[in-house]
Amino acid sequence: MDHVVVTLDGPAGVGKSTMAKGLSEALGIPYLDTGAMFRGVAWRLGRNAWEWDADRLARALEEIRFDLHGSGADSGLSLNGEPLGAEIRTEEVGMWASHVAKLPVIRDFLKAAQRAVGERSSLVAEGRDMGSVVFPNALMKFFLDADPEERARRRYEQLRAMGREADLEALTKSIRARDEQDRNRAVAPLRAASDAVVVDTTRLSEEVVAATLLETVRQRM
Ligand code: C5P
């Protein structure tokens, strides 16, 4: 049987990672966090890499290799053999990622890396353009959405639960800025694929969203 690919796209802070991990666990297939790939590239290249010329960027990308290992909640990505961890999870690296994500050379590089993973394995692939660009023939496509205030509130609760400092107003601003940038870029802007199932999670609990996604996928399999 061909590999099964389920895609999960949506804006920052909508809960894609939690849902994608849950789905991959329930289906027993790996989970690919493509935001972590953009973050990993941004973090590796450093501040202002989005202002480099195309040759310099292309040379730097030649030095980057991603590997996906494990399955379900234990899926993990490594960059040049080093597991990607907390260092890429800051709002600052998220913003850098959003800057480099506008560049076609970066998107082409990561699209090829993502498709290579999808050729080797079934996947739950999470990101912004998984259903619309990278895996147009995915078995099942979801697009999760929620109001920006609600997404900022969720991120705030998440950070507080981890014992980290959080400022709700700053988070709302950062989420809105990233939305603006991700939705309006020329290449692969954030949008639902025409055949994606759109779920507005603003007023839904995590449990209800998770159950809805799993039931919908199972009907398709
Ligand atoms: O999902 P996450 O917040 O980790 O993604 C970081 C940034 O990477 C996003 O704001 C977006 O600009 C970019 N990204 C993308 N396409 C993807 C995944 C992430 O452009 N498939």
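Can you give the Kirkwood hydrodynamic radius of the chain from its Cα pairs, in Å with one decimal?
Computed over the chain, the radius equals 17.6 Å.
Across the chain, the longest run free of exposed loop sites, meaning trypsin sites (Lys or Arg not before Pro) lying outside DSSP classes H, G, I, E and B with no more than 12 other Cβ atoms within 10 Å, spans 66-163.
Of all GluC sites (Glu not before Pro) in segment 143-197, which ones are in loop regions per DSSP and have a Cβ with at most 12 other Cβ atoms within 10 Å?
Working: sites: Glu149, Glu150, Glu157, Glu165, Glu169, Glu180; in loops: Glu165.
Listed in order of number, the matching sites are Glu165.
If you restrict to DSSP beta bridges whose two residues both lie in the chain, what percentage is antiparallel, to the nearest 5?
Numbers: 6 of 22 bridges.
Of those bridges, close to 25 percent are antiparallel.
May I ask you to list the GluC sites (Glu not before Pro) in segment 32-120 that are in a DSSP loop and have at most 15 other Cβ atoms within 10 Å of their Cβ?
Numbers: sites: Glu51, Glu62, Glu63, Glu87, Glu91, Glu92, Glu119; in loops: Glu63.
When the GluC sites (Glu not before Pro) of segment 32-120 are filtered for loop state and at most 15 Cβ neighbours within 10 Å, Glu63 remain.
Checking the Cα-Cα distances for Lys102/Lys173; Lys141/Lys173; Lys111/Lys173; Lys21/Lys173 against a 23 Å cut-off, the pairs over it are Lys141/Lys173; Lys111/Lys173; Lys21/Lys173.
Where a number appears in this text, it was derived from the coordinates with a stated rule and is not lab data. Just so you know, these numbers come straight off a predicted model, no measurement behind them. Cβ coordinates were reconstructed from backbone atoms using ideal geometry, including for glycine residues, and neighbour counts include every protein chain displayed.
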